[in-house]
Every structure is written in C-alpha cells, then in structure tokens.
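The structure appears right after this line, and notes come after that.
Read-outs: derived from the displayed coordinates by stated rules, not from any lab. The structure displayed is predicted, hence computed values, not measured ones. Heads up, the Cβs are rebuilt from the backbone with ideal geometry, glycines too, and the neighbour counts pull from every protein chain shown.
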Ligand SMILES: [Zn+2]
C-alpha cells in the first residue's frame, strides 16, 4: 500500500515542516494548495494534482495559517490518520468558518504544531464533521467553506 503523503507544491511555503513533500506523485497524495496571490484563483499545482487524481485542499490565504495547516497535515500523515484528505478539508473549512484563534494554539510552527485540542482528537472530530461539497468532489463542515474548492457549503437540509 502506498503511504499517504502530504504535498505542498508552492515553493517555500512548507519549508522546514516535517513530513511534507513538494511534488505530487500518487493518487493517494493529499495536495495542499493556496490560491494565487494575484487573485488569479487557480492555485499552482492544481492541474497536476487533478491529473493524478489526488485529493486537493485549498489552504488559507495567510502564510502563517497555511503553514499551520500543512504542519498539522504532516503530523496526521505520520500518525497514519485515516481519511486524511477529508480531515484536512474539514480543518481548513473550520478555520474559514470561524475564529482561527479557537483552533490554533501556536501559529507558526517549526516542529510539532500546537492546537487547542490534541491532534488525534482534532483529526477524529474533523473527519466526523466532514460533509460532501455540493460543487466539487471535496467537502467541509456545515456553514464553513468547502476545503476543496473554497465555495460556501450549503447548510444541510
Ligand atoms: Zn467544493
């Protein structure tokens, strides 16, 4: 079985974060992308990730939050968290839909990231909260934005 890898193709964004790769290679990869800073919308690396069939996650626009998400994802991958793509999509969805300070304990990690909950607990809650997105193959939490495409999640009927 191919191990699930966390991939951040944006140059320099994930520098120094353990367990994060820079080049998508397998359909099992979870690819974390950030929208282009110039507002072009389509993040670098999205086409490659889609061609591979890898799960994609839209990172928060801010560098500090994006690095925190990448560090949490890298830790979850090292812990062989199941449904890693969904867990990370829910995580960014929760960040977008609420107060990031409620989740992020230490914002600029260079080692193990700190969260307001132990990371294995946060992973289980994130997976449980995940709902499919009405617009794309990704998903997120109700009342957040989709962790895959960034559009608002419709409230559950
Ligand atoms: Zn979506």
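Quick one: divide the alpha-carbon radius of gyration of the chain by 2.2 N^0.38 Å and tell me what you get.
0.93
Could you check the simple spin-label distance between residue 50 and residue 2, using points 7 Å along Cα→Cβ, in nm with one decimal?
Between residue 50 and residue 2, the simple spin-label model gives 1.9 nm.
With a Förster radius of 25 Å, plug the Cβ-Cβ distance of residue 28 and residue 135 into 1/(1 + (r/R0)^6) and report the FRET value to the nearest 0.05.
0.60
Between residue 106 and residue 63, what FRET efficiency comes out of the Förster formula 1/(1 + (r/R0)^6) with R0 = 22 Å and r the beta carbon distance, rounded to 0.05?
Efficiency, from the Cβ-Cβ distance: 0.90.
Run lengths n ≥ 4 of DSSP H only: what is the helix-derived mean residue ellipticity at 222 nm for the chain, with -39500 (n - 2.57) per run over all residues, to the nearest 500?
Computed ellipticity for the chain at 222 nm equals -10000 deg cm²/dmol.
Taking every eigenvalue of the Cα gyration tensor of the stretch 116-157, multiplying by 5 and rooting it, what semi-axes result, largest first, whole Å?
21, 10, 8
Taking neighbour counts of Cβ atoms within 10 Å as a proxy for exposure, in what order, fewest first, do 20, 8, 30 appear?
20, 30, 8
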